[in-house]
Amino acid sequence: MSVISTTKLSSRGQVVIPEEVRAKLGLRPGAQFVVVGKDDVVVLKLVSAPDLGDLDDLLAEARSQARRAGLKRSEVTAAIRDVRGRK
């Protein structure tokens, strides 16, 4: 079930998320959000750290694709070094 509440925008551009919403969603100080605004709608989407298991899956997929593309580890390392050198 959704929790519906109202809040106001402060003169400093801050919005307080009502306590009952914070409690229901388990929001803690320091939580980060992506903010999307269009027309008269503002959406806050909680940003959370990826699951480390998901990271392992992504790395395995990246390695698999690099092998299929015929890339050598040294070529991947050089490409990463090249990109990191760019500012």
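A single member of LEU59, LEU71 is surrounded by 10 or more Cβ atoms within 10 Å (Cβ to Cβ), in a loop (DSSP other than H, G, I, E, B) and not basic (Lys, Arg), and it is LEU71. ALA66 passes all but one of (1) touching a Lys or Arg at 6+ places or on another chain (Cβ under 9 Å); (2) assigned to a strand (DSSP E or B); which number fails? Single failed check for ALA66: (2). Between GLY13, GLY26, GLY85, the distinction of being at pLDDT below 90 and exposed (fewer than 10 other Cβ atoms within 10 Å of the Cβ) belongs to GLY85 only.
Cβ-Cβ contacts under 8 Å between residues 6 or more apart (or on different chains), taken from a first residue in the range 1-29 that is in contact (Cβ under 8 Å) with a residue 12 or more places away in the chain to a second residue that is part of a helix (DSSP H, G or I), are listed as VAL3/GLU20; VAL3/VAL21; VAL3/LYS24; SER5/GLU20; SER5/VAL21; LEU27/VAL21.
The values are calculated or read from the model by the stated rules, or taken from the named source; none is laboratory data. Worth saying up front: this structure is predicted, and the values here are computed from it rather than measured. Methodologically, a virtual Cβ is constructed for each residue, glycine included, from the backbone with ideal geometry; neighbour enumeration extends over all protein chains shown.
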